[in-house]
Each structure stands twice: as structure tokens, then as C-alpha cells.
1. Looking at 273, 354, 252, 267, can you tell me which residue is crowded, with 16+ Cβ neighbours inside 10 Å, modelled with pLDDT of 95 or more, closer than 25 Å to residue 117 by Cα and in contact with a helix residue (DSSP H, G or I) (Cβ under 8 Å, 6 or more places away or on another chain)?
2. Confirm whether residue 148 is hydroxyl-bearing (Ser, Thr, Tyr) and under 18 Å from residue 89 (Cβ atoms).
3. Give the range 107-122 a look and list any residue that's on the phi < 0 side of the Ramachandran plot and of a type in the set (Lys, Arg), or say none.
4. Would you pick out the residues in the range 214-249 that are among the small types (Gly, Ala, Ser) and either within 16 Å of ligand 2 (Cβ to nearest atom) or at pLDDT below 95 (or both)?
5. Tally the residues that are more than 7 Å from ligand 1 (Cβ to nearest atom) and either in a loop (DSSP other than H, G, I, E, B) or in contact (Cβ under 8 Å) with a residue 40 or more places away in the chain (or both), restricting the search to the range 205-223.
6. Just a yes or no: is a residue in the range 83-95 touching a residue at least 40 places away in the same chain (Cβ under 8 Å), part of a loop (DSSP other than H, G, I, E, B) and either surrounded by 16 or more Cβ atoms within 10 Å (Cβ to Cβ) or more than 16 Å from ligand 1 (Cβ to nearest atom) (or both)?
7. Of all residues in the range 224-240 being small (Gly, Ala, Ser) and more than 8 Å from ligand 1 (Cβ to nearest atom), which is surrounded by the fewest Cβ atoms within 10 Å (Cβ to Cβ)?
Amino acid sequence: MTNNQDLYCIGCGAKLQTTDKTKAGYLPENTLNKYLESKEEELYCQRCFRLRNYNDIMDVQMDDSEFLSILNKISDEDALVVNLIDIFDYNGSVIPGIHRFIGNNKMILVANKEDLLPKSVKRDKLKRWFHQQAEKDGLNPVAEILISAKKNTNVDELLALINQYRGNKDVYIVGTTNVGKSTLVNSIISMSSKIKNLVTTSRFPGTTLDRIEIPLDDGAMLIDTPGIIHSYQLAHFLNEKELKEVTPNSEIKPKVYQLRGLQTLFIAGLFRIDFVQDVKTNAIIYADNNLLIHRTKLENADDFYHKHLGDILTPPYDKDSLPAMQMFKFTTKEKSDIVISGLGWVTLPANVTIKAYAPKGVEVTIRKAIV
Ligand SMILES: Nc1nc2c(ncn2[C@@H]2O[C@H](COP(=O)(O)OP(=O)(O)OP(=O)(O)O)[C@@H](O)[C@H]2O)c(=O)[nH]1
Ligand SMILES: [Mg+2]
């Protein structure tokens, strides 16, 4: 570095350095020098530059414990916490026992990405469902709200809640990776200024690397944080192209299947659900609208999978890139969703027995139906 004052990347929060390309915060020395001469306000590391301009992710060596220690420090501070959850992936994004990290600080619970859920789903019903789940998980927020950070839905209402509860305290935005924390920070910044997309966002897990402080009107700070990474998220097994295909980015149109029994549904090559009873039933699939859904007879399903994984059943495009499928067995007691974290869910009526398969390591869970 040419000066001795620490500089930080405004995109990901990493401390800038010019010595190690493989570590967070790297940028070439001449880029840094140009910046120091030009006095531009925003300085991005090389990883953010590539992510923002080419959607290209450079892996940097980071340790989840560093992220956790950032979270842990919040318990020593007097601050307001805003905990984002991805409503499309509730199980994959809830942090049970969050109060261990945030101590006695008040917390506003935010369900983000509401734009992905069908408009036909009544928002009041969604809110009630969200409230019940949060209660079950002991999250204990002072307020709850449904938003879309990307579409700017209810962000002004959230801001009003933040101002109501923060007094003049700092505000921490926390949540697991990919829930949309940085997108929300950008959305809040753009409401009071002309600045768009200041902080780097991406569909890859682990975009933000360290805390990013944005000054508020009264001198307090709005603080974006790196997301906790859950190893069972599907995203860890997919490359950029596959991740793009699997991640919905507009309202999901549910697909209804009438099944005769003893049939199998595949969602791409990532999920398989066997209807093991010889009875009629139906299933409603909530996943990216363009993802392939394939139906076969149960007796042909194994063969089909082994023959066509990676060609018909895509993603994945490389059949050897995923761990072998692991089986889960469920019987629904009430109308339920079988959820594959990061991919979507399948809604089934009561009293249906199924076997579900997902790549080993990806969590499959059952919950009371959201819709
Ligand atoms: N459909 C939809 N997508 C969203 C919304 N908010 C964020 N996203 C998308 O979710 C992905 C992750 O967004 P980020 O803002 O980078 O998530 P983050 O929580 O900051 O992630 P980390 O920095 O890795 O912890 C991006 O592809 C966003 O475009 C939303 O309201 N609706
Ligand atoms: Mg982020």
C-alpha cells in the first residue's frame, strides 16, 4: 500500500491489499494508485469488480468462523438488528437461536423475496404462516414484515419500523448468505440518494466478506454483514450457469400434477419424488418456471435417472459433479410442503407417503403447507 491508512472495499467490506491475489480485498497496486490520485469516492476490490461487471466469482479463502465472530460481536453492542429471511427458502435461511449472537438487542424479522411467491397467495395468509414459523423457532422479534428488496416492495414500511425502534442506535442487517441483505442495503441507500447498487450483490453465496458501514442521517451506521453459510444449501454444489437456472427471479407459477400412483417426478436432475402408493393424488411444484420437470413410471425411474442425468435431467450438466442421491421418506399428516433448500418445494395433500431424493448433503424437510 502506498499510504498507511486502511482502505476498505465498498462492495464487499474487505480490507484492501495489493499483495495476495488469492485473499479477500486484493486489487492491483496501479489501480489503487490511480484511485488515490483521482479522489473518486468508490473503490472496489478486484473480486467485486469482476463480479459486478462480468458476473464472475473469484473464490477467496474465508473461514465461516470469521463471519460468526462478526455476528457474535453484536451482542456486546447497543444496536437494532434486522434479520432477513428468504421466504422462498425459510428453512435454509432461518437462524435458530439468533439471540445467542445478538444478545438483548431488539430484532425486526424480515421475510424477503416476496415477489417470488405467486400473487394468488394472499399476503395476509403468508404473514400468518411466517409468524407461526418464527414463533415455533423462538425468534421473538419486535416486528415482522414481508418485503421485496429487489422490487422495493414495503421497503419504506420497513424503514419506518427501523426508525421507530432504533432511537439513534446503529442498525445491523444480518442473515444467512444470499437472503438479500446487500440488495436491501442498496435499496435503502437509493431511497435517500441517487446512488444505485453501491454494495456488491450476486447470486453466489458468500458475496459480502466483512462489515460495510453506511452512515445514516444522525451519524449512526447502517451495517451490512457477511451471511452465515449453511453447508446444506444447494448452491454449494452448482456452477454459475446451473445456479442461474435453479434460482427463480420472477413470480413462480405453480405447476399442478395429477398422479396415478406408482409414479415419479424429477425436478431437473436435482430432486426426485416417488409416489410409492398405488393411489391417485396430486402434487403442486413451486420452483423456477423454466426448470425441467419430468414424469415417469416408478419402476422406470432408476434407469431413467442413471441414463439421463446430465443430458435430459439438467442441471447438473456434468453428471459426476453431484454427490449421489440420498433418500428421505415422508408421510403427510396434513397438507404439507416437501422442501428442498434452495430449489423450491412440492405441496402434497394429507395422508400421502413419498420417497424423496436429493444430492447427499442437501437438506430435504417437511412443513405445514405455506399456501
Ligand atoms: N427475487 C428476488 N431476489 C432477490 C431479492 N433480494 C435479493 N435477491 C437476489 O438474491 C441474491 C442474493 O442477494 P444479495 O443481496 O447479494 O444477498 P446477501 O444476503 O447480501 O448475500 P451474502 O453477501 O452472500 O451474505 C441476488 O441474486 C439478488 O438479486 C428479492 O427481493 N427478490
Ligand atoms: Mg451481501
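1. Only one candidate passes the filter, namely 252.
2. Working: hydroxyl-bearing (Ser, Thr, Tyr): yes; under 18 Å from residue 89 (Cβ atoms): yes.
When the stated conditions are applied, residue 148 passes them.
3. Residues of the range 107-122 on the phi < 0 side of the Ramachandran plot: 107-112, 114-122.
Within the range 107-122, 119, 122 qualify.
4. Going residue by residue through the range 214-249, those that are among the small types (Gly, Ala, Ser) are 219-220, 227, 231, 235.
Selection gives 219, 227, 231, 235.
5. To start, the set of residues in the range 205-223 that are more than 7 Å from ligand 1 (Cβ to nearest atom) comprises 209-223.
If we keep only those that are either in a loop (DSSP other than H, G, I, E, B) or in contact (Cβ under 8 Å) with a residue 40 or more places away in the chain (or both) too, we end up with 209-212, 216-223.
So the answer is 12.
6. yes
7. 231
Here is a yes/no grid of residues against (1) at pLDDT 95 or above; (2) out of contact with any Phe, Trp or Tyr (no Cβ under 7 Å at 6 or more places or on another chain); (3) buried (at least 17 other Cβ atoms within 10 Å of the Cβ):
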site	(1), (2), (3)
283	yes, no, yes
291	yes, yes, yes
299	yes, yes, no
316	yes, yes, yes
327	yes, no, no
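The values are calculated or read from the model by the stated rules, or taken from the named source; none is laboratory data. Quick caveat: nothing in here was measured; it's all calculated off a predicted structure. Virtual Cβ from ideal backbone geometry, glycine too; neighbours counted across all protein chains shown.
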